[in-house]
Amino acid sequence: MELKKPMKYSIILGLIGSALIPVLYEVYANIGKTFAIILLFVWTGVCIYKLMRFPTKEAMLAITCLIAYTGIFGIVMYVIIHPAVQSFLEKSSKYYYLTLKEEMYFFGFAIGVMLLLYLMFFFRLFMIKGIARLKEISEKSGEYIENAFDSSEDGEDL
């Protein structure tokens, strides 16, 4: 199992995600909920694109590490980013606070979107297995058709 490249991608994407999640939280609270959610899906799409090229075990390990890095370092980055953004916005405009329910909704949605990485990987794996199965069935059907018209088995060559 070659883990060097998948782990490299998971570290890079995890560190980007750890800074991106607190920034998206601030965007969600102060700019626009839809815009933040779209950016979250874009980031997840980039992660899917980068990690889906690896075999099953390596990709699953990379996705797990990516989510762990994003979550753990995301808390640290939130502690750094949130006060800076809050003081910046309070100086130039009004800072909008989210209720606890809205905060939980955002972070739950962020966790759900990150778990979507697993779902997308399983969907890709299912599609690959399905295509391989269809190809196998197609080849067997071709063999059956060739054998059906083979006259040497029917005894007509006598």
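Mind checking whether some residue in region 89-98 is assigned to a loop (DSSP other than H, G, I, E, B), farther than 24 Å from LEU51 by Cα and of a type in the set (A, V, I, L, M)? Looking for residues that are assigned to a loop (DSSP other than H, G, I, E, B), farther than 24 Å from LEU51 by Cα and of a type in the set (A, V, I, L, M), one finds at least one in region 89-98, hence yes. Number of residues in region 35-58 that are part of a helix (DSSP H, G or I) and without any contact (Cβ under 8 Å) to a residue 40 or more places away in the chain: the value is 8.
Yes or no, residue by residue, for (1) closer than 28 Å to GLU102 by Cβ; (2) of a type in the set (Gly, Ala, Ser):
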position	(1), (2)
ILE16	yes, no
ALA19	yes, yes
ILE31	yes, no
THR56	no, no
ILE67	yes, no
PHE73	yes, no
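Candidates are the residues of region 12-63 that are aromatic (Phe, Trp, Tyr) and in contact with a helix residue (DSSP H, G or I) (Cβ under 8 Å, 6 or more places away or on another chain); the one that is surrounded by the most Cβ atoms within 10 Å (Cβ to Cβ) is TYR28. Report yes if some residue within region 21-34 is of a type in the set (Val, Ile, Thr), farther than 24 Å from MET127 by Cα, more than 13 Å from the chain's Cα centre (by Cα) and not in a helix (DSSP H, G or I); otherwise report no. Within region 21-34, one or more residues are of a type in the set (Val, Ile, Thr), farther than 24 Å from MET127 by Cα, more than 13 Å from the chain's Cα centre (by Cα) and not in a helix (DSSP H, G or I). Annotation note: Cβ proximity below 7 Å between a residue of region 59-72 that is within 9 Å of GLY17 (Cα to Cα) and free of Cβ contacts under 8 Å to residues at least 60 places away in the same chain and a residue that is of a type in the set (Val, Ile, Thr) and in a helix (DSSP H, G or I) (sequence gap 6+ or interchain) occurs for TYR69/ILE11; THR70/ILE21.
In this structure, LYS101 qualifies as out of contact with any Gly (no Cβ under 6 Å at 6 or more places or on another chain), over 30 Å from PHE54 (Cα atoms) and at pLDDT 85 or above. Scanning region 65-100 for residues that are out of contact with any helix residue (DSSP H, G or I) (no Cβ under 8 Å at 6 or more places or on another chain) and buried (at least 18 other Cβ atoms within 10 Å of the Cβ) yields nothing.
The values are calculated or read from the model by the stated rules, or taken from the named source; none is laboratory data. In this text, all values refer to a predicted model and were calculated from it rather than measured experimentally. Positions of Cβ are backbone-derived with ideal geometry, glycine not excepted, and every protein chain shown enters the neighbour counts.
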